[in-house]
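Reading through the structure tokens given below for one structure.
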Amino acid sequence: MALPHAAPVAAPRAIDGARLRADFPAFERPTRSGRPLAFLDSAASSLKPRSVIDTLADAYGHHYANVHRGIYELSEDATARYEGGRRRLTRFIGAGSWREVVFVRNATEAINLVAFSWGRSNLRPGDLLLSTQMEHHANLVPWQQLASETGATLEYVAITDDGRLDLDDLRARLARGPKLLAVGHVSNALGTINPVAEIASLAHAAGALVLLDAAQSVPHLPVDVAALGVDFAALSGHKMLGPSGIGALWARRELLDAMPPFLTGGSMISRVTLQGTEFNETPWKFEAGTPAIAEAAGLGAAVDYLTGLGMDAVRAHERELFAAAWDALGGIDGLRRLGPSDPDVHGGVISFDLEGIHPHDLATLLDAEGIAVRAGHHCAQPLMMRYDLAAATRASFYVYNDHDDVERLVAGIRAAQRRFNGH
Ligand code: PLP
């Protein structure tokens, strides 16, 4: 009898950046340069596909009313779309329940929510909090504030010269029993992909909770919060093809249930008397006031778009562009690349310093060629200081980029060098 064949595992369908650009109206806009737009700043905020824009317009045009409270068709329709966005996001990030997904404005607000609600009720003077030297300010400043208000101590896990978390330093600091470790999944400035599952298991063994800043990972690689074993995760819709003004905090249900609310007022209550208030259940307990209704539907459309591409394919595409750009940039005299060289631990972000040309000048010259990059401290000033830099230039890739963008970036940098240094 013939043995049954195992079904072949389907390889992720390769992404064709040039073809996908047709889905993004931003590429139809003429640039000052007269050249097609090479958009290399998705780490700051991504462009939006037509399906997201159409969903937003449709939500505002045909399905808009306030959510949850209206006992009429239009409100029920808007509520279903708002909650539908939550359910899509729940599946997308591997959360066990939609009740664990709280809509907020952005990753910054998600982290502030945890610092305020969890932090102020769980930290005592002398408690230890850990963050790292590679964090975005959004995952630093709320902890500094929390430490100064509660008397807790905040320490930072060191990073290596090639931009990885120093796991020996992490172990040493965990041995002192911190209450929480706040760590980024993918560094917005270095591109480093941190080994989160390993970090979370070390932290839990030491009794610490783990907050994951997933702002740069959820848009770019498969993320399963349950498999990673973290306790909180923060993300922004606008970096993952979705609208601005909406993001999410994911947290384990028992943590959310035990946390006091962040903002108070309408929607987050179940009963109010003049003497006091009973709060609503999670996640609504954390969603005071009228939320970003159409934006939740738009975020759901962004999730659908990314799911259609497949997050394995998104990651493979960015890995390929990163590897090509890393090699090509390495051939430019006086250019210092930041972050790890290994494409397995480097996302689609490359920051670099170019001898003799300030990042702002470089960005201006590239813009004249239709190439949009980021120049500055990338909201990670302590990280820049670690590498003795005030600023760097950053190119970040997404689904609508391709090798042509890499070639234009490299040619643009060489042209800038000729102009500045006569190279
Ligand atoms: N964390 C990281 C790693 C980021 O890159 C960013 C934004 O660039 C944020 C947090 C903050 O995101 P938002 O400004 O959407 O709150």
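Quick note: the coordinates plus some simple rules give every number you see, no bench work behind them. Everything quoted here is computed from the prediction, not taken from an experiment. Cβ placement follows ideal geometry from the backbone for every residue including glycine, while neighbour counts extend to all protein chains displayed.
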Criterion: among the β-branched types (Val, Ile, Thr) and assigned to a strand (DSSP E or B) - qualifying residue of Ile350, Ile357, Ile332: Ile350
Selection count where residues are more than 9 Å from the ligand (Cβ to nearest atom) and in a helix (DSSP H, G or I), scope the stretch 103-123: 11
Filtered residue count, the stretch 96-121, keeping only those that are surrounded by fewer than 23 Cβ atoms within 10 Å (Cβ to Cβ) and under 19 Å from Ala301 (Cβ atoms): 3
Looking only at the stretch 319-356, and only at residues there that are under 17 Å from Met384 (Cβ atoms) and of a type in the set (Asp, Glu), the one that is surrounded by the most Cβ atoms within 10 Å (Cβ to Cβ): Asp353
Any hit, the stretch 124-138, residues being within 23 Å of Pro283 (Cα to Cα) and within 13 Å of the ligand (Cβ to nearest atom): yes
In the stretch 168-211, residue surrounded by the fewest Cβ atoms within 10 Å (Cβ to Cβ) [restricted to those that are within 16 Å of the ligand (Cβ to nearest atom) and closer than 15 Å to Leu154 by Cα]: Val210
Cβ-Cβ under 8 Å pairs, at least 6 apart or on other chains, the stretch 165-188 side closer than 19 Å to Asp127 by Cβ, far side among the aromatic types (Phe, Trp, Tyr): Leu180/Trp118; Ala182/Trp143
Where Ser270 falls short, out of the listed (1) surrounded by fewer than 16 Cβ atoms within 10 Å (Cβ to Cβ); (2) touching a residue at least 40 places away in the same chain (Cβ under 8 Å); (3) of a type in the set (Ser, Thr, Tyr): (2)
Residue satisfying all of: in the stretch 357-371; touching a strand residue (DSSP E or B) at 6+ places or on another chain (Cβ under 7 Å) and buried (at least 18 other Cβ atoms within 10 Å of the Cβ); farthest from Asp404 (Cα to Cα) among these: Pro359
Residue within the stretch 283-291 that is surrounded by fewer than 24 Cβ atoms within 10 Å (Cβ to Cβ), at positive phi and under 26 Å from the mean Cα position of the chain (by Cα) present: yes
Selected residue [assigned to a loop (DSSP other than H, G, I, E, B) and among the charged types (D, E, K, R)] from Arg32, Arg86: Arg32
